[in-house]
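Data first, discussion second: the structure below is written as structure tokens.
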Amino acid sequence: MDFFTLFGKYLLMLKGMFTVTENKQMFWKEYIRQCVDIGIGSLPIVVIISFFLGAVTTVQTASQLVSPLVPLTTIGIIVRDSILLEFAPTFLCIVLAGVVGSKIASELGNMRVSEQIDALEIMGINTKNYLILPKILGAITTVPMLVGISAVTGIWGGYLVGNWTNVVPAEIFITGIRKDFVVYYINISFYKSFIFAIIISTVPSFYGYYVKGGALEIGKSGTKSVVVSCILILIADYIIAAIAL
């Protein structure tokens, strides 16, 4: 299929989700399950990656500041802005595209191949609303929370490692974090997280929902969904940065 055919099919999938939910209780349970799977399930890797991103950024920034004319508070400023603007929203969502996106694509692909989706449609259930919409809403709810946790953990990791290795004293690092702080950077970070959450959830859902074939095709659709999601995240990141900054 060419690009416009795929894009039109993608839009029709999104359009088909927005109907009245027949069983609100079942929809709510599925939404909560997706929030737990995406949010709680991804929390360990989010904390680990964010901590070491902050630590590495602190150490590498300190190693470049060889000039005595550059104050050590610059380390805190660079770590803070790097984490808020890029590492927490963009890098983390690329990781989530692999972790969460592949899971969504394989789950829906397995249901399609095993004809579970066809069985639900025969019973008169809108499968797009029942299967896909809770995943999208769950991602929109939990991904911004994970980005916020990532930002706090990354800065905290830079603070601890900088203090433990004597690269930058704790007081100086905290002074750098507070210096010339721009609250608008937090807004940009959450704007990115909402947009990236939509990409992370809708693209894998599209590839998984429309998969044809067997187990091999399920694996291929998962790989495609991750690749396309990462590319779209990077494109969206550039557009947001060009508009907002």
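Kindly indicate the residue of segment 108-149 that is part of a helix (DSSP H, G or I) and of a type in the set (S, T, N, Q) and also surrounded by the most Cβ atoms within 10 Å (Cβ to Cβ) among those meeting that condition.
Looking at the filtered set, the residue picked out is 142.
Being open to solvent by less than 50 Å² (accessible area, probe 1.4 Å), farther than 30 Å from residue 212 by Cβ, at pLDDT 85 or above and touching a Gly at 6+ places or on another chain (Cβ under 7 Å) is true for just one of 85, 53. Which residue is that?
Step by step, each of 85, 53 is checked, and only 53 is open to solvent by less than 50 Å² (accessible area, probe 1.4 Å), farther than 30 Å from residue 212 by Cβ, at pLDDT 85 or above and touching a Gly at 6+ places or on another chain (Cβ under 7 Å).
Which one of these does residue 222 not meet: (1) surrounded by fewer than 16 Cβ atoms within 10 Å (Cβ to Cβ); (2) in contact (Cβ under 8 Å) with a residue 40 or more places away in the chain; (3) not basic (Lys, Arg)?
With (1) surrounded by fewer than 16 Cβ atoms within 10 Å (Cβ to Cβ); (2) in contact (Cβ under 8 Å) with a residue 40 or more places away in the chain; (3) not basic (Lys, Arg) applied to residue 222, the lone miss is (1).
What are the residues in segment 1-26 that are at pLDDT 85 or above and either touching a strand residue (DSSP E or B) at 6+ places or on another chain (Cβ under 8 Å) or buried (at least 16 other Cβ atoms within 10 Å of the Cβ) (or both), if any?
Hits for segment 1-26 are 10, 13, 14.
Among the candidates 212, 135, single out the residue that is of a type in the set (D, E, K, R), more than 24 Å from the chain's Cα centre (by Cα) and either closer than 17 Å to residue 97 by Cα or modelled with pLDDT under 90 (or both).
212
Answer with yes or no whether residue 206 is open to solvent by 50 Å² or more (accessible area, probe 1.4 Å), under 30 Å from residue 222 (Cβ atoms), in a helix (DSSP H, G or I) and among the hydrophobic types (A, V, I, L, M, F, W, C).
So residue 206 does not fit the description; no.
In segment 150-174, what residues are in a helix (DSSP H, G or I) and hydroxyl-bearing (Ser, Thr, Tyr)?
Result: 150, 153, 159.
Please determine, by comparing only the residues of segment 95-105 that are open to solvent by less than 50 Å² (accessible area, probe 1.4 Å) and touching a residue at least 60 places away in the same chain (Cβ under 8 Å), which one is nearest to residue 37 (Cα to Cα).
Of everything passing the filter in segment 95-105, 100 is nearest to residue 37 (Cα to Cα).
Among the numbered conditions (1) under 22 Å from residue 34 (Cβ atoms); (2) in a loop (DSSP other than H, G, I, E, B); (3) open to solvent by 50 Å² or more (accessible area, probe 1.4 Å), tell me where residue 182 comes up short.
(1)
The values are calculated or read from the model by the stated rules, or taken from the named source; none is laboratory data. In this text, all values refer to a predicted model and were calculated from it rather than measured experimentally. Neighbour counts run over all protein chains shown; Cβ positions are idealised from the backbone, glycine included. Heavy atoms of the whole protein, side chains included, go into the accessibility calculation; ligands, DNA and RNA do not. Shrake-Rupley method; radii C 1.70, N 1.55, O 1.52, S 1.80 Å.
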